[in-house]
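Bear in mind these aren't lab numbers, they're just calculated from the coordinates by the rules spelled out. Predicted, not measured: the structure shown is a model, and the values here were computed from it. Here Cβ is always computed from backbone atoms with ideal geometry, including for glycine, and neighbour counts include all displayed protein chains.
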Amino acid sequence: MTSLDAIRKRARELLDEIPPEVTLVAAAKGRTVEEVRAAIEAGVRIIGHNYVQEAVPMVAALGDLAEWHMIGHLQRNKVRRAVEIFDRIETLDSVRLAQEIDKRCSAIGKSMPVLVEVNSGREPNKTGVLPEDLEQFIRQLATFENLRVEGLMTMGPRFGDPEQARPYFRATREAFERLAAASLPNVAMRTLSMGMSNSYRIAIEEGATMVRLGTRLFGERPA
Ligand SMILES: *Cc1c(COP(=O)(O)O)cnc(C)c1O
């Protein structure tokens, strides 16, 4: 079996395994256009990128075949390009970034769905909004006309044993439900993006509606 056949096979297996209400995002950092194309051929509909410059040629080659999500930390000087190529930004975590996304979307007449990234493990050097700051942060986003808050995303701390990630996924889902119940202006809490290759099963048990898989789909990343 070629490596592309292996990707198609793993993609089909994952799509069979994951419950129909959960969406699979293929995390494509470091992969080739052909590898990503193989995943799309097998039925993957959303491709996630960590870097704008890596996404540009991919979107040029495969554009209409998939939906494109920004899943990495977005720098403000990359926003102009990002809002042109991405269908959704999963990593909004500051008002300054929201301001820039809003401005750049306004210039091209686009409305951008965003997820707010949560630093669920309260890790000092990690991106994301602290759980206790979420509501105030999201209220501040209501004034930006060109972005729509559609949910939360979290990485969570990395553990060898993914069972240890469970409390962080659970706390993020609880925050998600609290925010949904608060009916904040300009906010529709419908997507909860959490879980990666070693933790997606636990994330789904804890209420993820979107999982982001790289290694499990494409194989080990080239060194
Ligand atoms: C790389 C990455 C993933 C997928 O990681 P794997 O462990 O390879 O599945 C998911 N989310 C983000 C933000 C990533 O950078």
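Taking all Cα pairs closer than 8 Å and separated by 6 or more residues, the relative contact order of the range 1-125 comes to 18 percent.
Cross-link partners for K110 among the lysines, with Cα-Cα distance under 21 Å and sequence neighbours closer than 8 places in the same chain left out: K78.
Taking the centroid of alpha carbons for each part, the range 96-175 and the range 1-77 are 21 Å apart. Using θ = phi - 60° in the Karplus curve 6.51 cos²θ - 1.76 cosθ + 1.60, the 3J(HN,Hα) couplings for the range 146-161 round to 9, 10, 10, 6, 10, x, 10, 9, 9, 8, x, x, 8, 10, x, 9 Hz; x is entered for Gly and Pro. Given +1 at the Cβ of Lys and Arg, -1 at the Cβ of Asp and Glu and no other charges, the dipole of the range 121-211 around its Cα centre is 100 debye to the nearest 20. Normalised by the number of residues in the range 88-223, the mean separation of alpha-carbon contacts (under 8 Å, six or more apart) gives a relative contact order of 21 percent. Here the dipole of the range 37-172 is about 300 debye; that uses its Cα centre as origin and unit charges on the Cβ of Lys and Arg (positive) and Asp and Glu (negative). When a/c reaches 1.5 or more, the comparison of a/b and b/c decides; with that in mind, is the chain rounded, prolate or oblate per its Cα gyration tensor? It is oblate, given that a/c is not under 1.5 and a/b is not larger than b/c. Count Lys and Arg as plus one, Asp and Glu as minus one, and take only other residues whose Cβ is under 11 Å from that of R8; the net charge is then 0.
Helical content alone sets the calculated 222 nm signal of the chain at -12000 deg cm²/dmol, taking -39,500 (n - 2.57) per DSSP H segment of four or more residues and averaging over every residue. Peptides 39-50, 117-128 ranked from most to least packed give 39-50, 117-128, packing being the mean of other C-beta atoms within 10 angstrom over each peptide's residues. The relative contact order of the range 147-223, computed from alpha carbon pairs under 8 Å that lie at least 6 residues apart in sequence, is 32 percent.
Over all other residues within a Cβ to Cβ distance under 13 Å of R76, the charged ones net out to +3, with Lys and Arg as +1 and Asp and Glu as -1.
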